[in-house]
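The values are calculated or read from the model by the stated rules, or taken from the named source; none is laboratory data. Just so you know, these numbers come straight off a predicted model, no measurement behind them. Here Cβ is always computed from backbone atoms with ideal geometry, including for glycine, and neighbour counts include all displayed protein chains.
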There are 2 protein chains.
Amino acid sequence: MPPLIVFGNFIFTADPQTFVCKEHAYLVIENGIVLQLVDELPERFLGLPVLDYSKDLIIPGFCDLHTHAPQYVQCGLGYDEELIPWLMKYTFPLESRFSDLEFAEGCYREFLRALWRSGTTRASVFGTMHLDTTLMLYDLFAHSGLGGFIGKVNMDRNSIPELTETTEDSLRDTEKFLSRTLGRNDLVAPILTPRFVPSTTRELMRELGHIADTYNLPIQSHVSENRAEVAWVRELHPEIETFSEVYEAYGLLRPEKTILAHAIYLTEKERVLLTERKIFLAHCPLSNINMRSGIMPLRDYMNRDMRLGIGSDVAGSHRLDIMSSISGCCQQSNLRFLDHQEEIPVTLSEAFYLATKGGGKFFGRVGSFETGYDADFLVIGLEKENPMLPRTLEEKLSQFLYSADTSRIMKRFVRGREIACPT
Amino acid sequence: MPPLIVFGNFIFTADPQTFVCKEHAYLVIENGIVLQLVDELPERFLGLPVLDYSKDLIIPGFCDLHTHAPQYVQCGLGYDEELIPWLMKYTFPLESRFSDLEFAEGCYREFLRALWRSGTTRASVFGTMHLDTTLMLYDLFAHSGLGGFIGKVNMDRNSIPELTETTEDSLRDTEKFLSRTLGRNDLVAPILTPRFVPSTTRELMRELGHIADTYNLPIQSHVSENRAEVAWVRELHPEIETFSEVYEAYGLLRPEKTILAHAIYLTEKERVLLTERKIFLAHCPLSNINMRSGIMPLRDYMNRDMRLGIGSDVAGSHRLDIMSSISGCCQQSNLRFLDHQEEIPVTLSEAFYLATKGGGKFFGRVGSFETGYDADFLVIGLEKENPMLPRTLEEKLSQFLYSADTSRIMKRFVRGREIACPT
């Protein structure tokens, strides 16, 4: 395949502190990978067809480190409850319906269209505990051309009866899920998904740890989202000092391969542990305020050089698009600063970095236009410029991100291939 | 004029605690005023033409108690600064350009289209200090068919030189503004607009108080938005104990006729004073988190039965639509609750009430479908319903509000008249 040349106005974050802006530049892509981003097209590429987006903004696709596909249909509902009652009253009853193939298919197709519309090109996704419909989600996702991880949820305790597996079934279905998905697709892979400590018995966690080791698998779960939840974990595991250490005890903290979502109330000991273990933390700002959970001390985690990305976390969050979480990230960091003046507010470039290159690391070399990165990008149509009020590329990006106007996303590419709206 | 009959699915808040839902009901409107909302059309109205929105949701138009028209073009920019440096660095330089008629016209037309798109049918609006272009804003607003108040800003101290009036000019231009706007339009009226204490000298405030008395005028300003601002007011007026009492001292707290925006850091004494004076407080949740201001203790103010509404406050806020502020209101109330367990979180119906009937009181009988209210309403196109996942009217409204998807607003009516998009 000859290289693909994309002409336009690029903006991205190679490091968290700065937006790199390249106006009227050329992105040269070979086999889906960025070869170079240059101001002048090298002679050897002259004559190749060029995708001309000279009037548009081109940014890396968004990476969503934490979301729940079955819950998308519930966005914007039920925020009168905190986490645990919300799960019991709204979310578990909804998820229990995903034993129904027809119901699941409608919901999952809707989720995928919304994900596509949002400009999310990579996502780490929870299905439900149901094998058949989570396989369906995997297939639909793989077919979409978007990239990511899909997990069959494990939950063998403390749920409603309709949404509880036996430990044995949970492990058997996990093995089946792996056998039908592992190595099947370049862009979409399975991920072990113990829901969270309260939902998974010791035996289940221990066996999942073994499976993860055996197949060298990634893992996703939740940690320290809500004070009542943290207290519950202490009750369930009085022998272990902290929430994170429960995962550690069962081999579920796999260096660079585990995502833990939320991480609001981590103790100092947990912060040290998760930093050492190179665990990815998914910051989910919107769900954290809808569900009355609290504000993640993001600046502290950044200072420790923890691995960090952003999660939409629908339907704790009301919005699947990552732009809304980027502004939410800055806003909550502002609020945190008011009472913790040593934690200086996170800037827009830092939040954008988390949503692209930061979280992108979980998916490989993803989230940047540097050489060697997967060519995942969005083409953003710019509004007609007021000639009396010209804006820099960075200002245009800022206004686009804060608008969270997904209708301005004109094209989505993953590894150099344009992705059509899933049907 | 014969009555206008509107058929559809109505939802509104007559009191803050409950959504009133009327499916397949008839709204009978006479001379722009709600005559009744009924399940069956009375015989005397049979045969009249009916506007059929039977598949849609009908809600009161949104009321915006606080916004800055010239700043709309700056939404989504400059949130790396707190209030005072933000004013000096971004906002005052922008507003100083509103001496230019051509520049102002472009910006104001853009603002009005956005206001219309957002489903805001009533707004209390700041212009700039400039007479000519604020008159232009008034004319454009009056021409749009939307309702509200327009203020020529007064500011004779502590601004940048290009955006400072003399006290004399400020008063003279205010009188001129009044002479050209007072009583000219049923729906749009002038409002006195001393920017805030730090921008207005004692003499200017005193004279504005007299003008307000003379013409029985409404007033809008800001109070206690930011800690540094509060400290500054103390420095400027050491003889007066609190920020609110400065306005009181100069006759600017007019019962039921003054809006003060933000009101985050009110002392107990101020809370009592503003309650007694029946001052409207404009809660501006989005600007308060973008600008690192803080969270208004909304539940406490509601418990005191203070007059309350919601302000978009662009461009401290990044979104002009009031839906985004409604969800922001609930979310911030959630966060406040985490550290103030006596201030129970504000519910969605309470936030919706503030955005309609609560703030609507400033505009007259506005924001409800009860008999005697102005017939201001929006027709919301519903998404195709999943037959396996039927939703109640209240759930549909919740999902619409949290989506903040203005593209679903199909029609806007003010006093029974459909409003076209301003050109």
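If you scan region A:111-138, which residues turn out to be part of a helix (DSSP H, G or I), charged (D, E, K, R) and over 27 Å from A:Ile160 (Cβ atoms)?
Matches in region A:111-138: A:Arg113, A:Arg117.
Okay, residues lined up against (1) crowded, with 19+ Cβ neighbours inside 10 Å; (2) at pLDDT 95 or above; (3) part of a helix (DSSP H, G or I):
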| residue | (1), (2), (3) |
| --- | --- |
| A:His143 | no, yes, yes |
| A:Ile150 | yes, yes, no |
| A:Arg157 | no, yes, no |
| A:Ser170 | yes, yes, yes |
| A:Ser179 | no, yes, yes |
| A:Asn185 | no, yes, no |
| A:Ala189 | yes, yes, no |
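Scan region A:410-419 and give yes if some residue there is within 14 Å of another protein chain (Cβ to nearest Cβ), under 21 Å from the mean Cα position of the chain (by Cα) and either among the aromatic types (Phe, Trp, Tyr) or under 19 Å from A:Phe12 (Cβ atoms) (or both), otherwise no.
The answer is no; no qualifying residue exists.
In region B:357-373, which residues are within 14 Å of B:Ala14 (Cα to Cα) and not hydrophobic (A, V, I, L, M, F, W, C)?
Result: B:Lys357, B:Gly358, B:Gly359, B:Gly360, B:Lys361, B:Arg365, B:Gly367, B:Ser368, B:Glu370, B:Thr371, B:Gly372, B:Tyr373.
Sort out which residues of region B:9-25 are of a type outside the set (Val, Ile, Thr) and touching a Leu at 6+ places or on another chain (Cβ under 8 Å), and write them in order of number.
B:Asn9, B:Phe10, B:Pro16, B:Phe19, B:Cys21, B:Lys22, B:Glu23, B:Ala25
Restricting the search to region B:312-324, which residues are under 14 Å from B:Leu354 (Cα atoms) and facing chain A (nearest Cβ under 10 Å)?
Listed by number, the list holds a single entry, B:Ser324.
Given the residues B:Val50, B:Val20, which is the only one that is free of Cβ contacts under 8 Å to residues at least 60 places away in the same chain and either of a type in the set (D, E, K, R) or surrounded by fewer than 22 Cβ atoms within 10 Å (Cβ to Cβ) (or both)?
After applying the criteria, what remains is B:Val50.
From the list B:His130, B:His68, pick out the single residue that is over 20 Å from the mean Cα position of the chain (by Cα), more than 14 Å from chain A (Cβ to nearest Cβ) and crowded, with 24+ Cβ neighbours inside 10 Å.
B:His130
Test of understanding: among A:Ala249, A:Ala315, A:Ala261, which residue is hydrophobic (A, V, I, L, M, F, W, C), crowded, with 23+ Cβ neighbours inside 10 Å and more than 29 Å from A:Ser368 (Cβ to Cβ)? Steps first, answer last, please.
Numbers: A:Ala249 fails: crowded, with 23+ Cβ neighbours inside 10 Å; A:Ala261 fails: more than 29 Å from A:Ser368 (Cβ to Cβ).
Only one candidate qualifies: A:Ala315.
Conditions (1) touching a strand residue (DSSP E or B) at 6+ places or on another chain (Cβ under 7 Å); (2) in contact (Cβ under 8 Å) with a residue 40 or more places away in the chain; (3) within 30 Å of A:Pro3 (Cβ to Cβ), marked per residue:
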residue	(1), (2), (3)
A:Arg44	no, no, yes
A:Ile58	yes, yes, yes
A:Leu65	yes, yes, no
A:Gly76	no, yes, no
A:Glu82	no, yes, no
A:Trp86	no, yes, no
A:Glu102	no, no, no
A:Leu115	yes, yes, yes
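For A:Arg113, state whether it is in contact with a helix residue (DSSP H, G or I) (Cβ under 6 Å, 6 or more places away or on another chain) and of a type in the set (Lys, Arg).
No.
A:Val379 fails exactly one of the following numbered conditions: (1) loosely packed, with under 15 Cβ neighbours inside 10 Å; (2) touching a residue at least 60 places away in the same chain (Cβ under 8 Å); (3) not small (Gly, Ala, Ser). What is the number of that condition?
(1)
Residue by residue through region B:366-409, note down the ones that are touching a Phe, Trp or Tyr at 6+ places or on another chain (Cβ under 6 Å), more than 14 Å from chain A (Cβ to nearest Cβ) and either among the aromatic types (Phe, Trp, Tyr) or not in a loop (DSSP other than H, G, I, E, B) (or both).
B:Phe369, B:Phe377, B:Val379 - these are the residues of region B:366-409 that are touching a Phe, Trp or Tyr at 6+ places or on another chain (Cβ under 6 Å), more than 14 Å from chain A (Cβ to nearest Cβ) and either among the aromatic types (Phe, Trp, Tyr) or not in a loop (DSSP other than H, G, I, E, B) (or both).
Among the residues of region B:209-238, which ones are part of a loop (DSSP other than H, G, I, E, B) and surrounded by fewer than 16 Cβ atoms within 10 Å (Cβ to Cβ)?
Once the filter is applied, which keeps residues that are part of a loop (DSSP other than H, G, I, E, B) and surrounded by fewer than 16 Cβ atoms within 10 Å (Cβ to Cβ), region B:209-238 yields B:Asn216, B:Pro238.
Of B:Pro422, B:Pro387, which residue is surrounded by fewer than 24 Cβ atoms within 10 Å (Cβ to Cβ), free of Cβ contacts under 8 Å to residues at least 12 places away in the same chain and either over 25 Å from A:Asn226 (Cβ atoms) or among the hydroxyl-bearing types (Ser, Thr, Tyr) (or both)?
Step by step, each of B:Pro422, B:Pro387 is checked, and only B:Pro387 is surrounded by fewer than 24 Cβ atoms within 10 Å (Cβ to Cβ), free of Cβ contacts under 8 Å to residues at least 12 places away in the same chain and either over 25 Å from A:Asn226 (Cβ atoms) or among the hydroxyl-bearing types (Ser, Thr, Tyr) (or both).
Kindly establish whether B:Thr347 is of a type in the set (Ser, Thr, Tyr), within 11 Å of chain A (Cβ to nearest Cβ) and either closer than 24 Å to B:Leu112 by Cβ or surrounded by fewer than 24 Cβ atoms within 10 Å (Cβ to Cβ) (or both).
yes
Say we look at region B:88-98 and pick out the residues that are in contact (Cβ under 8 Å) with a residue 12 or more places away in the chain and under 23 Å from A:Leu397 (Cβ atoms); which of these is farthest from the other protein chains (Cβ to nearest Cβ)?
My answer is B:Thr91.
Looking at region B:95-117 only, could you name the residues that are surrounded by fewer than 22 Cβ atoms within 10 Å (Cβ to Cβ) and out of contact with any Phe, Trp or Tyr (no Cβ under 8 Å at 6 or more places or on another chain)?
B:Ser96, B:Ser99, B:Asp100, B:Leu101, B:Glu102, B:Phe103, B:Glu105, B:Gly106, B:Arg109, B:Arg113, B:Trp116, B:Arg117
So that you can scan it fast, the table gives a plain yes or no per residue for (1) in contact (Cβ under 8 Å) with a residue 60 or more places away in the chain; (2) more than 13 Å from chain A (Cβ to nearest Cβ); (3) farther than 30 Å from B:Lys89 by Cα; (4) surrounded by 24 or more Cβ atoms within 10 Å (Cβ to Cβ):
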| residue | (1), (2), (3), (4) |
| --- | --- |
| B:Val272 | no, yes, yes, no |
| B:Met306 | no, yes, yes, no |
| B:Ile326 | yes, no, no, yes |
| B:Ala351 | no, no, yes, yes |
| B:Thr356 | yes, yes, yes, yes |
| B:Gly360 | yes, yes, yes, yes |
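Condition first: within 14 Å of another protein chain (Cβ to nearest Cβ) and touching a His at 6+ places or on another chain (Cβ under 6 Å). Can you find one or more residues in region B:227-248 that meet it?
No: region B:227-248 contains no residue that is within 14 Å of another protein chain (Cβ to nearest Cβ) and touching a His at 6+ places or on another chain (Cβ under 6 Å).
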